[in-house]
Amino acid sequence: MDENHFIAKKGTPIPFTAFWEAPSNIALIKYWGKTAPQIPKNPSLSFTLSSSVSQTEVFFQPSKLGKFDFTFYFEGIPKPDFKPKLQTFFKRIESYIPWIHGFELIIKSKNTFPHSSGIASSASAMAALALCLMDMETQLFPSMETDFFHQKASFLARLGSGSAARSIQGPVTVWGENKIFSKASNLYALPFGEELHPVFSTYQDAILLVDKGTKAVSSSQGHDLMHQHPFASQRFSQAVTNLEALTSTMKAGDLDTFVDVVELEALSLHAMMLTSNPYFILIKPNTLAIIEKIREFRVSQKVPICFTLDAGANVHLLYPLEFKAQVNTFIEEELAVFCEKGQYLLDQVGEGAKKCNFV
Ligand code: DP6
């Protein structure tokens with residue numbers, strides 16, 4: 001299957017309002033390095049989250065001048081500075097949704113997680129917008145199959161932000177061609193499937209907010225630096241090896257290997273940043289302090305907790321539901337002190353995006 005599979009027909013514009021909520025996700029096997037147009041250099045795998053979501057409403061109006069245009073509001077406030085990023089997104093996807101040309105859009109988006117929490121909202125925001133576009137496409141072409149709906153939503157979201165491809169479905173998704181998941185694609189993400197051990201569909205993710213500021217180096221710049229990175233090819237093959245190990249462990253429910261692979265991936269991602277030219281450092285002293293505490297707790301309490309990191313200083317602490325009470329006490333008593341203003345978010349693995357009801 002190639003990109004042409006996702007080209008829609010033109011269609012006659014009709015007024016419609018779409019309203020979707022899409023979650024953030026946290027990668028266990030990291031996507032770091034890509035080629036145009038948003039094709040990953042290695043496969044990635046993530047937990048879909050549940051409480052950290054973007055909610056997006058799109059009002060589709062037939063355009064009076066027959067020309068496509070849009071306005072964007074974030075948390076009720078017009079945000080013209082977001083327009084260039086969205087314009088690039090619409091340019092990338094217009095050939096797949098040619099019906100868009102007959103519309104003017106009002107896009108209203110908000111996040112449930114706090115603004116400036118250091119949690120990237122591009123994945124959930126792009127996924128929610130892509131789902132609204134697909135909802136409109138379903139109104140124009142009603143015979144669409146559910147699998148196609150999800151795959152094209154993921155395909156469009158990917159063109160906004162790579163990791164957004166993994167924010168459509170849950171509880172675990174895989175994006176990028178590989179030998180283990182024969183149906184996996186570079187164009188969109190797919191769910192892990194029935195073989196996922198049940199322990200992982202209720203996993204907890206405590207997001208420890210070490211630094212709530214904006215990152216000094218964006219993910220896009222980081223991806224770019226992988227082009228001339230001295231360890232790039234080793235990294236891309238390491239991700240494949242780690243995906244193989246993690247997949248078996250996530251089928252078997254083997255939590256010790258899960259811990260090893262997840263932490264190795266997190267530190268390998270940051271090792272790429274530390275050895276880029278120019279190098280950059282996103283972790284902070286408190287990131288390392290938390291990591292040390294997690295390792296000590298795991299050994300002393302024999303609880304299979306582990307950490308992962310995204311492109312920032314915050315730590316995602318992952319643990320099975322059955323240890324929730326014990327781990328939450330540990331966070332409050334020993335980890336919160338390393339968080340900015342003592343703040344952290346308690347989230348868990350979720351089932352994926354949802355259509356919202358109008359109130
Ligand atoms: C470290 O998806 O933010 O979170 O495709 O340029 O928008 P763009 O990058 P983005 O990169 C995510 C990087 C990561 C790892 C991951 O989520 O797999």
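A few remarks follow.
- Reported count of residues in segment 138-152, each being touching a helix residue (DSSP H, G or I) at 6+ places or on another chain (Cβ under 7 Å) and either touching a residue at least 60 places away in the same chain (Cβ under 8 Å) or within 13 Å of the ligand (Cβ to nearest atom) (or both), is 2.
- Filtered residue count, segment 246-265, keeping only those that are part of a helix (DSSP H, G or I), out of contact with any Asp or Glu (no Cβ under 7 Å at 6 or more places or on another chain) and more than 12 Å from Leu28 (Cα to Cα): 6
- On the stretch given as segment 327-347, residues that are buried (at least 19 other Cβ atoms within 10 Å of the Cβ) and not in a helix (DSSP H, G or I) total 4.
- For Met250, the test of being closer than 23 Å to Gly162 by Cβ, more than 14 Å from the ligand (Cβ to nearest atom), touching a His at 6+ places or on another chain (Cβ under 9 Å) and open to solvent by less than 20 Å² (accessible area, probe 1.4 Å) is passed.
- Entry remark, segment 210-230: residues being surrounded by 14 or more Cβ atoms within 10 Å (Cβ to Cβ), within 16 Å of the ligand (Cβ to nearest atom) and not in a helix (DSSP H, G or I) number 6 in total.
- Among residues of segment 272-291, those that are in contact (Cβ under 8 Å) with a residue 12 or more places away in the chain and part of a helix (DSSP H, G or I), counted: 7
The values are calculated or read from the model by the stated rules, or taken from the named source; none is laboratory data. Keep in mind it's a predicted model, so treat the numbers as computed, not measured. Note: ideal-geometry Cβ built from the backbone for every residue, glycine included; neighbour counts use all protein chains shown. Accessible surface areas use protein heavy atoms only, side chains included; no ligands, DNA or RNA. Shrake-Rupley method; radii C 1.70, N 1.55, O 1.52, S 1.80 Å.
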